[in-house]
1. For segment 40-174, just say rounded, prolate or oblate: build the C-alpha gyration tensor, square-root its eigenvalues into a ≥ b ≥ c, call rounded for a/c under 1.5, and beyond that prolate if a/b exceeds b/c, oblate if not.
2. Tell me the label only: which of [x] 73, 44, 43; [y] 56, 44, 36; [z] 128, 54, 43 is Cα extents along the principal axes in Å as calculated from this structure?
3. Once you sort the root eigenvalues of the Cα gyration tensor of segment 49-89 as a ≥ b ≥ c, which label holds: rounded (a/c under 1.5), prolate (a/b larger than b/c) or oblate (the other case)?
4. Past 27 Å, Cα to Cα, is the threshold; run K78/K202; K8/K267; K119/K239; K76/K168; K168/K239; K14/K267 against it and keep the listed order.
5. Pop the C-beta distance of R132 and L37 into the FRET formula with R0 = 45 Å and round what comes out to the nearest 0.05.
6. Of L52, L19, L30, which is the most mobile in a GNM of the chain whose springs link Cα atoms less than 10 angstrom apart?
7. What residues of segment 132-175 lie in the reach of a label at A203, counting those whose backbone N is under 20 Å from a point 7 Å from the Cα along Cα→Cβ?
8. Using per-residue counts of other Cβ atoms within 10 Å, averaged over each peptide, order 218-228, 57-67, 161-171 from highest down.
Amino acid sequence: MSIYLSLKEVWRNKGRFFLFSMVIALIAVLVLFTAGLGEGLASANKEYLEKLDATLLVFQEGTGYSTIASRLDYQKVKRVQRVDGVADAGPIGFSNLEIVLGDGLASIDASFIGVELGKPGLPAPIIGETIRSRQSKVVMIDQRIAESANIGIGDYITVKSTQGTEDKFYDLRVTGITDGQQYFFQPSIFVSLAIWDKYRPKADASVSSSRPVTNVIAVELDDPTAMISMASIIESVVKDVETTDIKTAYESAPGYSAQQSTLNTMKGFTFLIGVLVIGGFFQIQTLQKVTCPPKPDPSRMLQIRKKEIGNAQKTTLFN
């Protein structure tokens, strides 16, 4: 019976309920849009680190877990690898450059990531094969680059890097395509650490080394559950480093916390506004159904008053 009465009520006021349903739908779309925006921005900032095949990241001490500010000597990679409980460790270098496209297409800004072959930090390709030589001028690219620029296995890409005061152009052959590996809001390309150190932007083009300085060290543990204790052991064995887990590392990225706090505040206010609007509508609907006392009839009230006066006069005469 209650369902029948509800349906009758909706049908009787179908215009009002239609408009209110549209308001609810728009609020729901706004909430979903804000949530999607927050997740998309977070993913674009942390996607590579989040998918990293490692348990811990080692940074230079005092850099606040910043991948750009951290600088580690290659010898520290060897020391970390020799720590008991460490299954494997690999250096990772971060930089940025442009992929130059022909046919009048706009260049693509990309994160230029150098990794050690066969070590943590090198993602597995979903198409093609991984990098197999330290000195080969080959590259694995993010699938976003492959789709937007129509690049396939065996094609060559041209990258532009600033060496000193001049822009240099280098050709790299694509051997593999990875899944989404965005970092700092840019799709990523992967090369061996030696090629990365040679082609990355430098203030002095003459600076080169057989053992390049890296930004971080990705560490894979024999026992991932011993993450906290192993972080302390690594910091005690290897001097001037600080170690953290993957989540703390990407949450410490510049602007990440402020960005997510702003978006979470927006989502909270949007949800609150939705609750108030929907609650207000149903409150109005409820008040409209409450039975109001009938409006007094002036003539009836006059008759009652005359009758009261007459009764009062009779009482006075009898007394």
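1. prolate
2. Identified label for the calculated read-out: [z].
3. Judged from the Cα gyration tensor, segment 49-89 comes out oblate (a/c at least 1.5, b/c at or above a/b).
4. K8/K267; K76/K168; K168/K239; K14/K267
5. Once rounded, the FRET efficiency stands at 0.70.
6. Ranking L52, L19, L30 by mean-square fluctuation puts L19 first.
7. Residues 161-168 qualify, since their backbone N sits under 20 Å from the label point.
8. The peptides rank, most packed first, as 57-67, 218-228, 161-171.
Just so you know, all these numbers are worked out from the coordinates, no wet-lab data involved. Since this is a predicted model, take the numbers as computed values, not measurements. Cβ atoms come from the backbone with ideal geometry, glycine included; neighbour counts cover every protein chain shown.
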